[in-house]
Amino acid sequence: MLSVCADEAFVEVELVGGHLGCPSCQGVLGPWGHARERVLRCRSGDRRLRPRRARCRGCLGTHVLLPDLALVRRQDEVAVIGAAIEAKVAGVAYRRIAAGLGVHADTVRGWLRRFVERAEPLRAHFTRMVVALDPELGAVLPAGSGIADALEAIAVAARAWVLRFGPGDPWRIASRLSRGGLLATRTPA
Ligand SMILES: [Zn+2]
């Protein structure tokens with residue numbers, strides 16, 4: 001799995017031009033059909049995604065190029081999930097968050113549980129990303145709790161990305177930096 005820019009034409013040019021690296025071996029990825037279509041619930045309405053599939057010319061492994069709007073196995077746009085996480089860290093109860101976002105309460109509770117469970121590996125992962133993106137930026141400072149620390153590390157990593165590569169939505173950057181695995185069961189590589 002690779003999380004990529006949601007601009008399909010841009011991804012196509014990168015893929016065909018041999019500019020995308022294999023996440024397993026650093027070989028070059030080439031086009032390899034499409035993954036099955038899925039519907040992503042976005043703030044602006046449902047959006048159909050048909051992610052590109054790519055194959056590595058080196059190790060021959062195949063990878064799905066998931067647009068950075070989406071997270072692995074989540075039906076909602078990352079910006080909506082990110083807004084729920086920010087509200088949780090600010091102390092808002094999950095039912096109120098769900099009502100505000102227009103998402104089922106059980107769905108929101110599932111996201112937030114996973115975020116709480118994974119707060120420490122996420123903090124560690126995004127702190128490493130900060131160092132990799134900008135060694136000059138300095139330490140990620142403690143923000144007062146496990147989940148606040150994780151959110152702070154995500155925010156600083158997104159800032160480091162913007163400083164290096166230009167403007168972007170912080171949660172989409174977080175999606176890319178976790179390979180879509182922000183709320184997956186394992187720590188992203
Ligand atoms: Zn490879």
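Between the stretch 156-189 and the stretch 1-76, how far is it from one alpha carbon centroid to the other, in angstrom? If we compute the Cα centre of each part, the gap is 15 Å.
For the chain, rounded, prolate or oblate, judged on the Cα gyration tensor with a ≥ b ≥ c (square roots of eigenvalues), a/c < 1.5 rounded, else prolate if a/b > b/c?
Values: a/c = 2.03, a/b = 1.31, b/c = 1.55.
It comes out oblate by the Cα gyration axes.
Kirkwood Rh, Cα Rg: Rg to Rh for the stretch 110-189? Intermediate values should be presented prior to the final figure.
Working: Rg = 11.7 Å, Rh = 12.4 Å.
Over the Cα atoms of the stretch 110-189, Rg/Rh equals 0.94.
Rolling a 1.4 Å probe across the protein heavy atoms gives the chain an accessible surface of 53 Å² per residue. Residues whose amide H falls under 5 Å from that of Arg179, counting only those 5 or more places apart or on a different chain, are Ser3, with hydrogens built in the peptide plane. Only protein heavy atoms count here; on that basis, with a 1.4 Å probe, Cys59 has an accessible area of about 60 Å².
When the solvent-accessible area of the chain is split by element, carbon and sulfur atoms take up 52 percent of it, the probe being 1.4 Å.
For the chain, what is the mean residue ellipticity at 222 nm derived from helices alone (per DSSP H run of n ≥ 4: -39500 (n - 2.57); sum divided by total residues; nearest 500 deg cm²/dmol)? Write down the numbers at each step before the final one.
On the way: 7 runs with 85 residues, N = 189.
Value at 222 nm, helices only: -14000 deg cm²/dmol.
Accessible surface comparison of Met129, Met1, probe 1.4 Å, protein chains only, largest first: the order is Met1, Met129. Could you work out how far helix 146-165 tilts from the main Cα principal axis of the chain, as a 0 to 90 degree angle to the nearest 10? The two axes meet at around 40 degrees.
Taking only Cα atoms, what is the 0 to 90° angle, nearest 10, from helix 119-133's long axis to the longest principal axis of the chain? Tilt relative to the chain: about 50 degrees.
Using the Cα centre of the stretch 98-170 as the reference point, and only Cβ charges (+1 on K/R, -1 on D/E), how large is the resulting charge dipole? Debye, rounded to the nearest 20.
Details: 8 positive and 8 negative charges, 31 e Å.
The calculation lands at about 140 debye.
Computed from label points 7 Å out along Cα-Cβ, the spacing between Val116 and Val162 is 3.0 nm. The GluC sites (Glu not before Pro) of the stretch 10-45 that meet both conditions, a loop assignment by DSSP and at most 15 other Cβ atoms within 10 Å of the site Cβ, are Glu37. Absence of a disulfide-compatible partner, taken as no other cysteine beta carbon within less than 4.7 angstrom, is noted in the chain for Cys5, Cys42.
The values are calculated or read from the model by the stated rules, or taken from the named source; none is laboratory data. This structure is a prediction, so every number in the text was calculated from the model and none was measured. FYI the Cβ positions are ideal-geometry reconstructions off the backbone, even for glycines, and counts take in every protein chain you see. Just the protein is used for accessible areas: all its heavy atoms, side chains included, with ligands, DNA and RNA removed. Shrake-Rupley method; radii C 1.70, N 1.55, O 1.52, S 1.80 Å.
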